[in-house]
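Chemist: After the structure tokens below, expect a handful of questions from me.
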Amino acid sequence: MLLAEAAKRVREAGWVVGNVDATIVAQAPKMAQHIPAMVERIAACLGVAASQVNVKAKTAEKMGPVGRGEAIEARAVCLLLPA
């Protein structure tokens, strides 16, 4: 998996993941019921505790391709700390 490989390379470069904050933007489907599983999976791939991962969802207020249900957008920020 790409995320696990990225985490491996980060560790090999002398860094560790401090935390991750991710946002999913989608008009549909509703994401709330899936977020706990996403957090667990992301944490497992990164080799961190679930408490270090935050995933939230929002809508695009019916604007643009995401708002029309034609696309889903995802954004993530990761804090890296020296090992």
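Chemist: For the range 26-66, how many residues meet the condition of being assigned to a helix (DSSP H, G or I) and either loosely packed, with under 15 Cβ neighbours inside 10 Å or modelled with pLDDT under 95 (or both)?
Modeler: Applying the first criterion (assigned to a helix (DSSP H, G or I)) to the range 26-66 yields 32-46, 50-52, 64-66.
Checking the rest, the ones that are also either loosely packed, with under 15 Cβ neighbours inside 10 Å or modelled with pLDDT under 95 (or both) come to 32-34, 36-37, 40, 44, 50-51, 64-65.
Final tally of qualifying residues: 11.
Chemist: Only residues in the range 51-80 that are under 20 Å from H34 (Cα atoms) count as the first member; pair them with residues that are surrounded by fewer than 11 Cβ atoms within 10 Å (Cβ to Cβ), Cβ under 7 angstrom, at least 6 apart or cross-chain, and list the lot.
Modeler: A57/A32; G67/E61; G69/A28
Chemist: As an exercise: evaluate E5 against (1) of a type outside the set (A, V, I, L, M); (2) out of contact with any Leu (no Cβ under 8 Å at 6 or more places or on another chain); (3) surrounded by 13 or more Cβ atoms within 10 Å (Cβ to Cβ) and give the number of the one condition it does not meet.
Modeler: (3)
Chemist: Further, regarding this structure: Take Q27 and decide whether it is among the polar types (S, T, N, Q) and in contact with a helix residue (DSSP H, G or I) (Cβ under 7 Å, 6 or more places away or on another chain). Break it down into steps so the answer makes sense when it comes.
Modeler: Values: among the polar types (S, T, N, Q): yes; in contact with a helix residue (DSSP H, G or I) (Cβ under 7 Å, 6 or more places away or on another chain): yes.
Yes; evaluated as a whole, the condition is true for this residue.
Chemist: Can you tell me which residue is surrounded by the most Cβ atoms within 10 Å (Cβ to Cβ) among those in the range 67-82 that are out of contact with any helix residue (DSSP H, G or I) (no Cβ under 7 Å at 6 or more places or on another chain), closer than 15 Å to G18 by Cα and aliphatic (A, V, I, L, M)? So that I can check it myself, show each step before the final result.
Modeler: From the range 67-82, those out of contact with any helix residue (DSSP H, G or I) (no Cβ under 7 Å at 6 or more places or on another chain) are 67-70, 74-79, 81-82; that's our starting set.
From what's left, closer than 15 Å to G18 by Cα: 76-79, 81-82.
Keeping just the survivors that are aliphatic (A, V, I, L, M) gives 76-77, 79, 81.
Numbers: A76: 14, V77: 10, L79: 12, L81: 9.
Result: A76.
Chemist: Hey, another quick one. I need a count of the residues in the range 67-83 that are outside any strand (DSSP E or B) and either closer than 30 Å to E12 by Cβ or polar (S, T, N, Q) (or both).
Modeler: If we filter the range 67-83 for residues that are outside any strand (DSSP E or B), which is where we start, we get 67-72, 83.
Then keep just the ones that are either closer than 30 Å to E12 by Cβ or polar (S, T, N, Q) (or both); that gives 83.
Of the residues in that region, 1 qualify.
The values are calculated or read from the model by the stated rules, or taken from the named source; none is laboratory data. Predicted model only: the values in this text are computed from it and were never measured. Reconstructed Cβ throughout: ideal geometry from the backbone, glycine too, with neighbour counts over all protein chains shown.
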